[in-house]
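The values are calculated or read from the model by the stated rules, or taken from the named source; none is laboratory data. Everything numeric here is computed off the predicted structure, so don't read it as measured data. FYI the Cβ positions are ideal-geometry reconstructions off the backbone, even for glycines, and counts take in every protein chain you see.
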Amino acid sequence: MTLDSEQQAMLNDIRYHWQDAYYVNYADGVWSAVPFDDRTVLLTADSGMELRTKIRYDYAGRAVQRQARVLGDAGGWISGPAIDAERDWARRPAGNSGP
């Protein structure tokens with residue numbers, strides 16, 4: 001199935017904006033994208049706009065996962081007692097240097 005000019009423009013636009021993170025394709029009436037960092041995932045859509053939206057949500061979710069891995073790899077706590085202690089320390093009354 002060939003693309004009309006509007007679909008081709010959409011495909012070019014999505015590829016332009018996401019070419020560093022996703023392989024984007026259109027074939028047989030299906031829009032698809034595969035993230036470079038997890039080739040077991042396949043995003044599909046019925047339109048270019050729908051695919052663009054799915055890519056944005058997928059990328060945002062991956063950014064959160066990447067950030068969590070970085071924090072975990074650095075030996076820090078993502079959540080739990082260390083975060084709670086820091087939060088409680090920051091909320092202590094002014095002039096109170098003790099626990």
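Looking at the stretch 1-33 only, could you name the residues that are free of Cβ contacts under 8 Å to residues at least 24 places away in the same chain and among the aromatic types (F, W, Y)?
Matches in the stretch 1-33: Y16, Y23, Y26, W31.
Could you check how many residues of the stretch 11-50 are touching a strand residue (DSSP E or B) at 6+ places or on another chain (Cβ under 7 Å), of a type in the set (S, T, Y) and over 20 Å from R62 (Cα atoms)?
Qualifying residue count, the stretch 11-50: 1.
Does the stretch 39-49 hold any residues that are in contact (Cβ under 8 Å) with a residue 12 or more places away in the chain and either surrounded by 11 or more Cβ atoms within 10 Å (Cβ to Cβ) or of a type in the set (V, I, T) (or both), and which are they?
We begin by selecting, within the stretch 39-49, every residue in contact (Cβ under 8 Å) with a residue 12 or more places away in the chain; these are 41, 43-49.
Once the filter is applied, which keeps residues that are in contact (Cβ under 8 Å) with a residue 12 or more places away in the chain and either surrounded by 11 or more Cβ atoms within 10 Å (Cβ to Cβ) or of a type in the set (V, I, T) (or both), the stretch 39-49 yields V41, L43, T44, A45, S47, G48, M49.
Condition (residue is at pLDDT 90 or above and outside any helix (DSSP H, G or I)) applied to the stretch 58-74: is it met by at least one residue?
Checked against the condition, which is being at pLDDT 90 or above and outside any helix (DSSP H, G or I), the stretch 58-74 yields no hits at all.
Could you look through the stretch 29-55, keep only residues that are modelled with pLDDT of 95 or more and among the basic types (K, R), and pick out the one that is farthest from H17 (Cα to Cα)?
K54
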